[in-house]
Amino acid sequence: MEEQSKLYDVIIIGSGPAGLSAAIYAQRAKLSTLILEASYISGGQVVNTYEVDNYPGLPGISGMDLGSTLRSHAEKLGAQIVQARVSELQLEGTIKTVVTRKEAYQTKTVLMATGAVHRGLGVPGEQELSGSGVSYCATCDGAFFKDLTVAVVGGGDVAVEDAIFLARTCRKVYVVHRRDALRAARVLQDRLFALPNVEMVWNSTVKEITGEMQVEGITLAGTEAAGERGAKEERKLAVDGCFIAVGIQPNNKLVKDTSLELDESGYIKAGEDGITSIPGVFAAGDVRTKQLRQIITAAADGANCITSIQNYLVTVVSFV
């Protein structure tokens, strides 16, 4: 592995909306910038979305096109993007080192924009129909299911909030939960149970998601606890969409063994300014602690982080 002689102002790890937005703002600020992306396609999770309907000014754009557009904008401004998987981070001290399989890069600041992934069910049909009726974001995709029948899988706050949101426009909403009681806050449960077009499916798990080009149904299996509030035998539900809300996990593998402070769920502790517990290390997008994980908030994080990085470079490492 050959050491690099160039010292960057910022290295951005991740090329989703947060990382690419940061790259655009960094280039406009005339910072020497390197973006490292593990995938050969830019855009992060958004590339798996068939149609994006809530990004301002670009209604109906495909996730692939949005990712490509963001990358093109960054490249037009001169952003340097390298496809390489980061294997190690050395974050202590004024100069940081980012190690990949082939190179070791040095930088004054590191911006973590590695995102998060939705926990899946791991059942047949889930991956094949992702973006074609299988969704992990009701606020992103709910509008496509107006007057249709959908299922929400999960029993926590997010699942119940998704079901309430979908019930506003969907004809019918099934809530599939593996237990006989929800984990969500009682106030959310009360709101959910009051909705006439919501049906609870207790003590059940999804065994398979079915459909050819689009979701057409789900196959359920009863849990061992199934009794009066559930059936042990296999059951099929005809649905047009399946919203999976069984949790999100941050892509924090690179920092789990560092001194960077994480919350109890593994998200990097950082506010809207992106400042973390290690000087010179910043976090943007879904990998950081935040209320709303959407494309627009990730892009905003990227811009905010560059402002924080500029301030850090001027006040802390201007002598380097």
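For the chain, what does the helix formula give at 222 nm: sum of -39500 (n - 2.57) over DSSP H segments with n ≥ 4, over the residue count, nearest 500 deg cm²/dmol?
-6500 deg cm²/dmol
Give me V98, V47, V117, V187 sorted ascending by neighbouring Cβ count inside 10 Å, so fewest comes first.
Details: V98 25, V47 18, V117 15, V187 9.
The most exposed by this proxy come first: V187, V117, V47, V98.
Based on the mean of other beta carbon atoms within 10 Å per residue, what is the order of 20-28, 159-167, most packed first? Walk me through the intermediate numbers first.
Values: 20-28: 25.8, 159-167: 23.3.
Ranking, from highest mean packing down: 20-28, 159-167.
Under 15 Å from the Cβ of I41, count the other residues' Cβ atoms, weight Lys and Arg +1, Asp and Glu -1, and hand me the total.
-1
Put +1 on the Cβ of every Lys and Arg and -1 on every Asp and Glu Cβ in the chain; which of V46, T94, T139 then has its Cα farthest towards the positive end of the dipole?
About the Cα centre, the residue reaching furthest to the positive side is T94.
Rounded to whole Hz and in sequence order, give me ³J(HN,Hα) for the range 184-201 from the Karplus expression 6.51 cos²θ - 1.76 cosθ + 1.60, θ = phi - 60°, writing x for Gly and Pro.
For the range 184-201, the Karplus-derived couplings read 5, 4, 4, 5, 6, 4, 4, 5, 5, 5, 7, 7, x, 9, 10, 10, 7, 10 Hz, x marking Gly and Pro.
What ranking, highest mean first, results for peptides 256-269, 276-289 when packing means the other Cβ atoms within 10 Å averaged over each residue?
276-289, 256-269
Neighbouring Cβ atoms within 10 Å as the yardstick, rank S204, S130, S62 fewest first.
S62, S130, S204
What residues qualify as long-range amide H neighbours of Y174, i.e. H under 5 Å apart, gap of 5 or more or another chain, H built at 1.01 Å from N?
So Y174 has HN proximity to V150, A151, V152, E199.
So how far, in whole Å, is the C-alpha centre of the range 115-149 from the one of the range 247-261?
25
Show me, for the range 283-288, the HN-Hα J-couplings you get by feeding each phi into the Karplus relation (A = 6.51, B = -1.76, C = 1.60, θ = phi - 60°), rounded to Hz, glycine and proline as x.
9, 9, x, 5, 6, 9
Considering only the chain, what is the antiparallel percent among its DSSP beta bridges, to the nearest 5?
Percent antiparallel among DSSP bridges in the chain is about 40.
Which ³J(HN,Hα) values in Hz, rounded to whole numbers, follow from the phi angles of the range 155-163 under the Karplus curve 6.51 cos²θ - 1.76 cosθ + 1.60, where θ = phi - 60° and Gly and Pro get x?
Using θ = phi - 60°, the values come out as x, x, 4, 5, 4, 5, 4, 4, 5 Hz.
Give me K96, K76 ranked fewest to most by other Cβ atoms within 10 Å of their Cβ, as a rough exposure proxy.
K76, K96
Beyond a 25 Å Cα-Cα separation, which of these cross-linked pairs lie in this structure: K76/K256; K76/K96; K108/K269; K30/K269?
Values: K76/K256 34 Å; K76/K96 27 Å; K108/K269 20 Å; K30/K269 28 Å.
Violating the 25 Å Cα-Cα cut-off are K76/K256; K76/K96; K30/K269.
Need the list of lysines near K146 for cross-linking: C-alpha distance under 18 angstrom, and skip anything on the same chain fewer than eight residues off.
Result set, ordered by chain and number: K172.
At what distance in nm do the modelled label points of N197 and I41 sit from each other, each positioned 7 Å from its Cα along Cα→Cβ?
For N197 paired with I41, the spin-label model returns 3.3 nm.
Under 10 Å from the Cβ of D263, count the other residues' Cβ atoms, weight Lys and Arg +1, Asp and Glu -1, and hand me the total.
Local charge sum for D263: 0.
Compare the peptides 136-148, 295-307 by average per-residue count of other Cβ atoms within 10 angstrom and give them in order, highest first.
So the peptides 136-148, 295-307, ranked by packing, come out 295-307, 136-148.
Under 13 Å Cα to Cα from K207, which aspartates and glutamates show up? Leave out anything in the same chain fewer than 8 places away.
Candidates past the 8-residue exclusion: E126, E233, E234.
Given the Cα-Cα distance of T139 and T205 and 0.36 nm per residue of separation, how much length would full extension add, in nm?
21.4 nm
Pop a pseudo-label 7 angstrom from the Cα along the beta-carbon direction at both Q106 and S259 and give the gap in nm to one decimal.
2.1
What fraction of the Cα pairs in the range 134-244, stated in percent, has a spacing above 16 angstrom?
Result for the distance tail: 54 percent.
The numbers here are math on the coordinates, done by the rules we state, and not lab data. Source: prediction; values computed, not measured. Glycine gets a Cβ as well: all are built from the backbone with ideal geometry, and neighbour counts include every protein chain shown.
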